[in-house]
Amino acid sequence: MSEIPAEVTGWIGQKRYPEESEFDVERGYVLTACSSVENGNPLYWDEKVARELTGGWVAPPSMISVWCRPHLYSPGREGEGLALKVHFDLKQKLGLPEAIMSEDELVFHAPVRPGDRVRSYQILRAVSDLKTTKLGRGRFWTIEVFYENQKGELLVEERITGFGYNRPGGEAEPSAVRQGGEAAAQRGEAERSASGRRDAK
Amino acid sequence: MSGAQNLTIDRVKQGQKLPELGCAVTATTVVLGALATRDWRPMHHDRDFAQVRNGVRDIFLNTPNLAHWFERYLTDWTGPKGRPGRMKFFMRGSVFAGDQMVFRGEVKQVETDAAGCGWATIDVSVSVEGQVMTSCTARMALPTAADDNPWRRRGEAWKP
């Protein structure tokens, strides 16, 4: 796997997987999200404040991925809804079954408002040469995701750095539990990040 | 404005520390956070799955919810006029049910851009037992005066 397949290099710079969220941005989820982190910002709870500062209700900017995740079940859909499909394409095409997200940058533009229908697309920006890290041997890649509203206004730019890899030796998971150290935590992070993205759209 | 306090950029200095925020993370914290971010994966609600399949000691916070924790921590400090412009996360480890997590922040840079928008760049981290699990560099827009409002900025006046 020393060479990057031409199909993969051909993806670099391409706008892929344009999608629209399954439902409108709605305030119930905003309140649930605020409740989950005890966010008492009056911008999200006090309509007078929201009218005065933002011309009406808005959603916390960091919630952007919430609006684009598929439901666990959706009638007529076959298989699991995948988020960040470019990431999973890379894992498959490069033969790298494990992955972590090591960095994630969000740049916030127009506010997201209840009633918005969020659209997104993904662009692969770079794939590295083979690297060896303490997790294993693999490649780093950078994917950008652009989120827009139904009017075509840019809401958020997201730039994600992932590392797809093969585990060295493939040691058993329970030993990591007993060690209780960094390896276990990183393995958890790897599974969380990759799987979380699997459920995100 | 409903009594909410708003930090203006003139009251922010490089090196300024944000008040610490501590939170005892429970299973409810993790599960509520996962559901609030529509993350249905079992390692965020099923301890058996987390232990047996992931090899970790318990269920743990998911990244989108942790992002919201960071945003809450920052806007607790700024007040509602504080508008997030940019957040960059570096993931190092997980925060598990049963952990006591602590958020800390320090102002790294203060500036006013060409459009007159006030900006504070803050390094934020969440730690467990002194070990940083995720760090974040955030760029927050702050009002330059009591009558300024970063949320009104758009187009050329908003350069996050």
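Only the coordinates and a few stated rules stand behind these numbers; no lab work does. Predicted, not measured: the structure shown is a model, and the values here were computed from it. Counting neighbours? That spans all protein chains shown, and the Cβs are built from the backbone with ideal geometry, glycine included.
With respect to chain B, whose longest principal axis is taken over its alpha-carbon atoms, helix B:27-36 is tilted by about 60°. If you take the beta carbon distance between B:T26 and A:K48 as r and set R0 to 35 Å, what does 1/(1 + (r/R0)^6) give as a FRET efficiency, to the nearest 0.05? Efficiency at R0 = 35 Å is approximately 0.60. Under the convention that each Lys and Arg Cβ holds +1 and each Asp and Glu Cβ holds -1, the size of the dipole of chain B around its Cα centre is about 340 debye. In deg cm²/dmol and to the nearest 500, what is the mean residue ellipticity at 222 nm of the protein assembly as shown if only DSSP H runs of at least 4 residues count, each as -39500 (n - 2.57), divided by the residue total? That calculation yields -7500 deg cm²/dmol at 222 nm.
Between the listed residues A:Y44, A:P60, A:A6, the Cα displaced farthest toward the positive end of the dipole of the stretch A:1-110, a dipole computed from Cβ unit charges relative to the Cα centre, is found at A:A6. On a per residue basis, the convex hull of the C-alpha atoms belonging to the protein assembly as shown measures out at 143 Å³. Indicate the gyration tensor shape class of chain B (rounded, prolate or oblate), computed on the Cα atoms with a ≥ b ≥ c the square roots of the eigenvalues: a/c under 1.5 is rounded; otherwise a/b larger than b/c is prolate and the rest oblate. Note, shape of chain B comes out prolate.
Considering only B:G105, B:I9, A:G95, and ranking their Cα positions along the charge dipole of the protein assembly as shown that arises from unit charges at the beta-carbon of Lys, Arg, Asp and Glu, the one farthest toward the positive end is A:G95. Taking the longest Cα principal axis of chain B as reference, the axis of helix B:63-78 is set at about 40 degrees. Applying the criteria of a DSSP loop state and at most 13 other Cβ atoms within 10 Å to the GluC sites (Glu not before Pro) of the stretch B:61-160 yields B:E129. Fewest-first ordering of B:S94, A:S128, A:S36, A:S74 by other beta carbons within 10 Å of each residue's beta carbon gives A:S74, A:S128, A:S36, B:S94. Ranking of B:C136, B:C23, A:C68 by neighbouring Cβ atoms within 10 Å, starting from the fewest: B:C23, A:C68, B:C136.
Put a dot 7 Å past the Cα of B:E106, heading toward its Cβ, do the same for A:E26, and the two dots end up 4.5 nm apart. What shape does the stretch A:66-156 have by the C-alpha gyration tensor, where a ≥ b ≥ c are the square roots of the eigenvalues, rounded means a/c under 1.5, and otherwise prolate means a/b greater than b/c and oblate the rest? It comes out oblate by the Cα gyration axes.
Loop-only chymotrypsin sites (Phe, Trp or Tyr not before Pro) in the stretch A:57-89, please: DSSP not H, G, I, E or B, and at most 16 other Cβ atoms within 10 Å. Sites meeting the loop and neighbour criteria: A:Y73.
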